[in-house]
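One structure below.
The values are calculated or read from the model by the stated rules, or taken from the named source; none is laboratory data. Bear in mind the structure is a predicted one, so any value in this text is a computation, not a measurement. Please note: Cβ atoms are built from the backbone with ideal geometry, for glycine as well, and neighbour counts cover all protein chains shown.
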Amino acid sequence: MRSRKIDPMHNLSIRETRDLLPSARQAVEDLLGRKLDDDEEVGIWASLSHQAPAGPARKEAWDRLNQHLDLMASKAVEAPIDELERLAEEVADEVRHGRR
């Protein structure tokens, strides 16, 4: 495993689809397996591969994830349940059938 420090800002690129060169757009569409709409944004994030944490570090990562999920859930408490269900169905439909 490499131990090189990388600046996160140099590993993230977000572009509007309409601004991509045709070759770049085609490459992203090939990766995604679908056509992109002009009003979409494309984000690319490069990172070094690494092994999953083990032992105490794994437990700590799990605890941090649960704390973050609890925080997100606390922000959704005031949202109407029918709105949350509609959003969940919309996302599930997009995942199953692609963007329309």
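Some observations on this one:
- The listed residues are ASP30, ASP37, and the only one of them that is outside any helix (DSSP H, G or I) and in the same structural domain as ILE14 (by TED's automatic domain parsing) turns out to be ASP37.
- Selection of the range 1-27 for residues being part of a helix (DSSP H, G or I), modelled with pLDDT of 90 or more, surrounded by 10 or more Cβ atoms within 10 Å (Cβ to Cβ) and of a type outside the set (A, V, I, L, M) yields THR17, ARG18, ASP19, ARG25, GLN26.
- Among all positions in the range 41-53, there is at least one residue which is charged (D, E, K, R) and either closer than 30 Å to ASN11 by Cβ or touching a residue at least 24 places away in the same chain (Cβ under 8 Å) (or both).
- Among residues of the range 59-85, those that are surrounded by 10 or more Cβ atoms within 10 Å (Cβ to Cβ) and either modelled with pLDDT under 90 or among the β-branched types (Val, Ile, Thr) (or both), counted: 5
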